[in-house]
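Input: a single structure, listed below in structure tokens.
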Amino acid sequence: MHSAKTVAFHTLGCKLNYSETSSISRLMEREGFEKKEFTDVADVYVINTCSVTDNADKECRQLVRRIQRKAPESVVVITGCYAQLKPKEIADIPGVDLVLGAAEKFNIVKHIRELSKNDTARICSCDIEEVTGFHSSYSINDRTRTFLKVQDGCDYTCSFCTIPMARGKSRSATIDAVVEDARSLAASGAKEIVLTGINLGDFGKGPDGNASAAINGRAENFYRLIQELDQVEGIERFRISSIEPNLLGNEIIEFVANSKRFMPHFHIPLQSGSNAVLGAMRRRYKRELYADRVGLIKTLMPHCCIGVDVIVGFPGETDAHFQETYDFLHQLDVSYFHVFTYSERANTHALSIEPVIPIPVRNDRNKILRNLSYMKMQYFEQQHTGQTRNVLFENHNKNGMMEGYTDNYIRIATPHRPEWENQVIEWNL
């Protein structure tokens with residue numbers, strides 16, 4: 001494939017995947033590829049996969065089948081976490097031509113140029129231990145808000161998680177490189193940057209994942225990063241996408257509380273409100289630490305929005321354990337949850353834990369917590385009724401309406417006004 005071609009992208013999974021897809025897209029456009037919508041017919045389709053749940057695996061297969069029906073002569077490239085974890089399984093999916101592991105996704109153009117459509121999928125992968133280096137990525141599909149990747153990989157060994165196997169050791173950009181990206185994004189018109197990573201609070205490991213990066217004799221860390229970003233002119237808002245409670249130190253919370261640019265909004269994974277289950281999950285904290293973090297945030301920023309990740313149906317989670325989680329979340333001053341139903345993943349320690357929770361029980365628990373999350377968000381929004389807060393409106397006109405978010409992440413919808421696009425507007429809630 002040597003002449004210019006059309007390419008379409010689809011992303012499964014997290015914000016980090018979206019930032020990487022966007023960067024791969026720009027890379028291919030610079031090499032002469034013309035970008036198309038995924039619903040269009042294109043010469044090349046790139047699917048950036050996730051493998052956190054079975055649904056992500058299934059969705060990848062469904063997307064390939066859809067492409068086969070629509071454009072059987074097109075080249076199908078699969079990359080991302082699923083591609084690193086199970087390259088042979090993906091290569092066996094009819095219609096897949098190229099499987100790129102973690103080390104090769106940013107070499108996509110070279111691999112496509114060398115490819116010809118044939119019956120055997122080509123796998124370009126390596127052992128995850130060999131994956132080093134850090135590739136800066138950010139999404140700019142919407143000028144209003146961009147997701148900026150500053151960290152990749154994870155050194156934790158949570159018993160349910162395959163991400164360290166899919167993305168390798170924790171490693172980061174340098175602070176100088178992140179600040180340079182932020183300035184470029186400001187120049188492009190972006191008003192809000194969401195900092196993303198696999199284990200964001202672990203920022204500061206060198207690109208090789210081993211030595212801690214040190215500039216001017218001072219070790220780099222997440223606290224120093226946000227201090228430097230707070231000085232970047234042109235970016236009105238920064239958000240911290242997700243940070244482990246054990247890495248969310250007092251100094252970070254206090255800094256956000258006093259910053260004009262970092263928004264009063266945290267997303268802090270909990271996973272379970274039962275210490276017994278947290279231990280089985282190999283999490284690095286107990287519920288008491290989590291409650292302490294939430295307490296300090298709410299003391300310094302009563303208006304702060306706090307999101308929570310929770311897993312239900314983990315092996316060995318009894319009715320009593322689940323009730324502990326429910327009661328803990330019910331009394332905790334948080335704003336919303338992302339509820340995940342536990343999904344068995346190959347080569348994880350959790351597969352050896354018993355008893356296995358029946359699927360219907362997992363689904364019931366998911367529904368119960370989603371209902372509680374809805375009530376939490378309703379209550380959080382009601383607490384701010386009558387207040388005036390700043391809203392950054394997005395560029396999209398959706399059936400005559402536009403949307404935006406307050407500084408503390410309350411979603412606002414209003415009739416579309418072009419002059420409000422990508423602008424911060426004072427809003428009476």
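The values are calculated or read from the model by the stated rules, or taken from the named source; none is laboratory data. What you are looking at is a predicted structure, and each value in this text was computed from that prediction instead of being measured. Ideal geometry is used to build each Cβ from the backbone, glycine not excepted, and the neighbour counts take in all protein chains shown.
Summary of values
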{"item": "Extreme residue, nearest to Tyr156 (Cα to Cα), among residues of region 321-359 that are in contact (Cβ under 8 Å) with a residue 40 or more places away in the chain and among the hydroxyl-bearing types (Ser, Thr, Tyr)", "result": "Thr348"}
{"item": "Residue that is nearest to Gln84 (Cα to Cα) [pool: residues in region 147-176 that are free of Cβ contacts under 8 Å to residues at least 60 places away in the same chain and among the polar types (S, T, N, Q)]", "result": "Ser170"}
{"item": "Test: residue in region 351-361 that is at pLDDT 95 or above, in a strand (DSSP E or B), exposed (fewer than 12 other Cβ atoms within 10 Å of the Cβ) and not small (Gly, Ala, Ser)", "result": "no"}
{"item": "Among residues of region 306-332, those that are assigned to a loop (DSSP other than H, G, I, E, B) and within 9 Å of Leu270 (Cβ to Cβ), counted", "result": "1"}
{"item": "Those strands (runs of 3 or more DSSP E) lying entirely in region 370-429 with at least 2 residues of a type in the set (Ser, Thr, Tyr)", "result": "401-406"}
{"item": "Residue list for region 377-410, restricted to those being exposed (fewer than 14 other Cβ atoms within 10 Å of the Cβ) and among the hydroxyl-bearing types (Ser, Thr, Tyr)", "result": "Tyr379, Thr385, Thr388"}
{"item": "Every residue from region 2-33 that is within 21 Å of Ala166 (Cα to Cα) and among the acidic types (Asp, Glu)", "result": "Glu20"}
{"item": "Among residues of region 106-121, those that are at pLDDT 90 or above and either in contact with a His (Cβ under 9 Å, 6 or more places away or on another chain) or part of a loop (DSSP other than H, G, I, E, B) (or both), counted", "result": "1"}
{"item": "The one condition in (1) surrounded by 14 or more Cβ atoms within 10 Å (Cβ to Cβ); (2) in the same structural domain as Leu27 (by TED's automatic domain parsing); (3) touching a residue at least 60 places away in the same chain (Cβ under 8 Å); (4) in a loop (DSSP other than H, G, I, E, B) that Ala103 fails to fulfil", "result": "(3)"}
{"item": "Hits in region 221-270 (condition: polar (S, T, N, Q) and part of a loop (DSSP other than H, G, I, E, B))", "result": "Asn221, Gln231, Ser241, Ser242, Ser259"}
{"item": "Any hit, region 411-418, residues being touching a residue at least 40 places away in the same chain (Cβ under 8 Å) and surrounded by fewer than 16 Cβ atoms within 10 Å (Cβ to Cβ)", "result": "no"}
